[in-house]
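Structure first, then comments.
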Amino acid sequence: MLNYVKLHYYALIICAMALLFVCATIYRFNIQQNYLVAFESDCDPETQSCFVYCENDDCNDPFFYSVIEREAAQLHEMCGADVTVCDAAYSCNNDTTCKNLFCDPSTDGVGQCDDINN
Amino acid sequence: MNCYLYDPPQYLFFASDLPELLYYSHIPALVLALFVGTFVFLNNPKSLQNRLLLLICFSFAIWVFGSLFAWTNTNSSLLLTIWPVFAVSAALISISSIYFIYVYLNQKNIPHWMKVIFLLLLTPVFIFAHTNLNVSGFDLTLCDAFAYEGLWYKVYYTSLSYVAILWISVLLLNRWRTADASYKKQIIFMGTGIQLFLFSFISTTSIVAYLNTIGLLQDSRAELFSLFSMTIFMVLIGILIVRFKAFNVGAHAADALMVALLILVASQYTYANSTSTTLILTTVTLALTAIAGALLIRSVRREIKQKEEIEQLAKKLAGANKRLRELDKMKSEFVSIASHQLRSPLTSIRGYASMLLDGSFGKLPAKAQGAVERIADSSSTMASSVEDYLNVSRIEAGNMKYELSDFNLKTEASRVADDKRQEAMKHGLLLTFKSKLEGHGIVNADLGKTRQILHNLVNNSIKYTQKGSIKIFVHDDLKGKQIHVDIIDTGIGMEADELESVFEKFQRAKNANTVNVTGTGLGLFVAQKMATEMGGSIHVTSAGPGEGSTFTLSLPLQM
């Protein structure tokens with residue numbers, strides 16, 4: 001047995017690390033759901049600094065949005081798998097881990113932001 | 001959480017709104033890698049290089065499977081479970097590639113210190129794969145995690161690939177220096193395959209991913225092209241298998257490669273538009289490939305079968321050759337023993353015949369005189385033959401002993417001329433001696449053997465010269481540090497194509513039967529072997545049949 005370990009220690013260590021990695025990954029992302037999720041939320045370009053998305057170069061029908069970032073486990077508990085049918089997902093009231101991110105030309109780039117207010 | 005802009009896939013992988021190239025780049029590469037890797041592994045599971053190739057192919061297949069899953073699925077938890085697999089499988093591919101190339105080139109396992117380095121390099125990738133250093137979140141809008149990837153973790157596992165490319169280059173160059181022409185070709189195929197694969201696979205993926213991360217590229221489709229490099233690598237592995245019998249894969253390699261080719265063509269069904277024209281064209285291509293493949297398989301199989309038959313015959317021939325050598329040795333031993341047994345009674349016969357002729361037992365009657373002379377002549381000839389057989393036995397057994405000493409070759413050649421002059425005169429021939437030396441004429445050789453060589457050459461000339469003369473001419477070449485003894489006769493001569501063969505055992509000139517000579521046909525063979533062993537040589541020239549011959553003994557001068 002000891003001889004087998006000595007002979008195959010390289011493969012055994014790789015297998016052990018791979019097994020630990022698989023278990024840890026499944027535990028974190030599937031069981032704990034310990035990660036952030038980001039999704040788009042409505043944004044009013046008149047009052048807020050919104051991200052802007054254009055369908056074409058003319059940008060005659062722009063779509064304005066902000067990005068909500070929050071913990072996946074909490075969100076899943078509130079809304080299930082689909083955030084689009086869950087109003088609570090878009091409200092960060094009383095949730096310190098939830099962020100509603102608006103466009104900042106200095107970090108996101110000028111072209112990414114709605115320039116109506118800028 | 002599900003991505004809300006994309007439809008979930010049908011049957012795990014099939015989604016309608018994905019680029020057509022996706023399936024064509026993923027499925028054939030995945031199937032081909034698994035197929036070749038498994039095929040090579042099953043052929044010889046105990047071979048380390050076969051196991052390592054399987055590990056590379058398997059790691060690549062996991063990466064491709066993960067990529068296909070990530071492209072088509074919409075559940076964030078599942079996708080994030082798959083996401084760390086990209087880093088781990090890429091790192092495993094890089095390190096295993098170095099390991100594989102080392103074993104392939106050196107046909108031995110890597111040293112202990114190298115294993116420790118590999119493990120140290122891989123450990124951070126495994127340990128931090130599930131942490132925020134690798135990935136911390138998921139974008140439900142874009143349905144990917146590029147924006148949440150950790151930069152330093154990505155830089156680390158990507159740089160492992162560049163380390164692998166450099167390391168492999170060094171290994172290939174080192175082996176190239178000592179490789180023969182055939183192995184150099186293998187190094188080219190293997191080196192090109194693995195370096196192209198690593199560079200294309202890692203660079204394309206990492207560059208596209210980085211451009212995605214910093215927002216310069218919104219479309220990830222460019223990374224799909226990187227997967228074709230695996231197909232090229234597997235094709236080159238296939239060439240190595242078929243042409244160079246690499247990985248000890250036998251005659252079924254051609255079948256396997258053909259199946260792989262058919263898979264590639266058939267995979268067009270997975271991405272081609274379902275118009276009738278495209279389907280017909282794909283079917284025709286598949287059919288033509290199958291026919292061409294069948295012909296190719298038959299041809300390659302025939303070639304491999306012939307090659308194997310030739311190899312078997314060569315083995316048998318080698319066995320037969322060994323047996324023949326044993327028999328030849330036994331024959332030489334037999335001849336040696338028999339000759340030794342013959343020599344003693346012959347000596348008695350010769351001695352008593354000589355004594356009878358000398359009158360030691362009184363005057364012989366006139367009638368008996370002729371008979372005893374015949375007995376003396378025949379026993380001399382027989383003793384000479386026995387001596388030739390014994391010499392051949394000693395030469396072939398490697399038992400001929402040479403006692404080297406310095407002596408004057410001109411003096412010895414002159415003595416031989418004096419010894420043989422009487423015999424030549426008996427045959428009506430004039431034997432003359434002449435020399436033209438610039439140096440002292442001293443050689444370092446076996447005196448007895450040198451005299452024997454000269455006797456053999458002069459005897460030979462006397463036998464094959466019916467009229468005219470025999471001239472012994474000694475001359476030297478101080479520049480070439482050689483001394484030559486020419487024995488020039490006016491005998492039967494020989495054709496140009498016989499000049500070399502006269503030194504073979506039992507060989508005579510074609511026109512030898514024009515003169516009535518006896519002998520074993522071993523004299524020249526023995527003489528040349530002796531001369532060669534003493535650092536000299538014997539050459540013969542002749543202007544043609546009836547034009548006489550010149551035999552030249554050359555020995556190195558003692559300077």
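Just so you know, all these numbers are worked out from the coordinates, no wet-lab data involved. Just so it is clear, the structure is predicted and the values come from calculations on it, not from any experiment. Because the Cβ atoms are built from the backbone with ideal geometry, glycine has one as well, and the counts that use them run over all protein chains shown.
So the values come out like this:
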| read-out | value |
| --- | --- |
| Selection from B:PRO545, B:ALA91, B:THR192 lying farthest towards where the dipole of the protein assembly as shown points positive, charges on Cβ | B:PRO545 |
| Relative contact order (%) - criterion: Cα under 8 Å, at least six apart; region: segment B:326-428 | 35 |
| Rounded to 5, percent antiparallel among DSSP beta bridges of the protein assembly as shown | 80 |
| Theoretical FRET efficiency, 1/(1+(r/R0)^6), r = Cβ-Cβ of B:PHE334 and A:LEU19, R0 51 Å, to 0.05 | 0.10 |
| Cβ neighbours within 10 Å from other chains - mean over B:81-90 | 3 |
| Dipole in debye (nearest 20) - chain B, about Cα centre, beta carbon charges: Lys, Arg +1; Asp, Glu -1 | 1760 |
| From phi via Karplus (6.51, -1.76, 1.60), per-residue ³J(HN,Hα) for segment B:526-537 in Hz, x at Gly/Pro | 5, 4, 5, 4, 5, 4, 4, 5, 8, x, x, 6 |
| Dipole of chain B, positive end: most advanced residue of B:PHE247, B:VAL416, B:MET355 [Cβ charges, Cα centre] | B:MET355 |
| Cα-based helix-to-principal-axis angle, B:409-426 vs chain B, degrees rounded to 10 | 60 |
| Low-density loop positions, trypsin sites (Lys or Arg not before Pro), segment B:477-510 - DSSP coil, at most 11 other Cβ in 10 Å | B:LYS479 |
| Orphan Cys of chain B, criterion: no other Cys C-beta under 4.7 Å | B:CYS57 |
| Rounded to the nearest 20 debye, dipole of segment B:397-516 from Cβ charges on Lys, Arg, Asp, Glu | 360 |
| Computed [θ] at 222 nm, deg cm²/dmol, the protein assembly as shown (DSSP H ≥ 4; -39,500 (n - 2.57); rounded to nearest 500) | -20000 deg cm²/dmol |
| Cα shape, segment B:304-458, gyration tensor, a/c 1.5 rule | oblate |
| Loop-resident sites, segment A:1-91, for GluC sites (Glu not before Pro), counting at most 13 other Cβ within 10 Å (DSSP) | A:GLU46, A:GLU55 |
| C-alpha long axis of helix B:151-178 to longest principal axis of chain B, angle in ° | 10 |
| Cβ-isolated cysteines (cut-off 4.7 Å), chain A | A:CYS15, A:CYS23 |
| For a label point 7 Å along the Cα-to-beta-carbon line of B:THR131, residues of segment B:141-158 with backbone N under 18 Å | B:148-158 |
| Shielding of A:15-27 by partner chains, average beta-carbon count, 10 Å | 5 |
| Proximal lysines to B:LYS529, defined as alpha-carbon separation beneath 24 angstrom and excluding residues fewer than eight positions away on the same chain | B:LYS322, B:LYS329, B:LYS331, B:LYS401, B:LYS410, B:LYS420, B:LYS449, B:LYS463, B:LYS471, B:LYS481, B:LYS505, B:LYS510 |
| For segment B:415-479 versus segment B:90-149, the gap between their alpha-carbon centres in whole angstrom | 83 |
| Shielding by other protein chains, B:121-128, mean Cβ within 10 Å | 3 |
| Whether segment B:1-146 is rounded, prolate or oblate, judged on the alpha carbon gyration tensor where a/c under 1.5 counts as rounded | oblate |
| Two-site label geometry, A:SER106 and B:SER354: point separation in nm, points 7 Å out along Cα→Cβ | 12.5 |
| Acute angle (nearest 10 degrees) that the helix B:447-463 long axis makes with the longest principal axis of chain B, alpha-carbon atoms | 70 |
| Fraction of beta bridges assigned by DSSP in chain B that are antiparallel (%, nearest 5) | 80 |
| Relative contact order computed over chain B (Cα-Cα under 8 Å; 6+ residues apart), in percent | 9 |
| Cα gyration tensor, segment B:463-506 - rounded (a/c under 1.5), prolate or oblate | oblate |
| 10 Å Cβ shell holding at most 15 others, DSSP loop, GluC sites (Glu not before Pro): longest site-free stretch of chain B | B:21-402 |
| Rounded to the nearest 20 debye, dipole of segment A:34-118 from Cβ charges on Lys, Arg, Asp, Glu | 400 |
| Estimated distance in nm for a label pair at B:MET382 and B:ASP17, the labels positioned 7 Å out from Cα along Cα-to-Cβ | 11.3 |
| Normalised contact order of chain A, rounded percent, pairs of Cα under 8 Å and 6 or more residues apart | 26 |
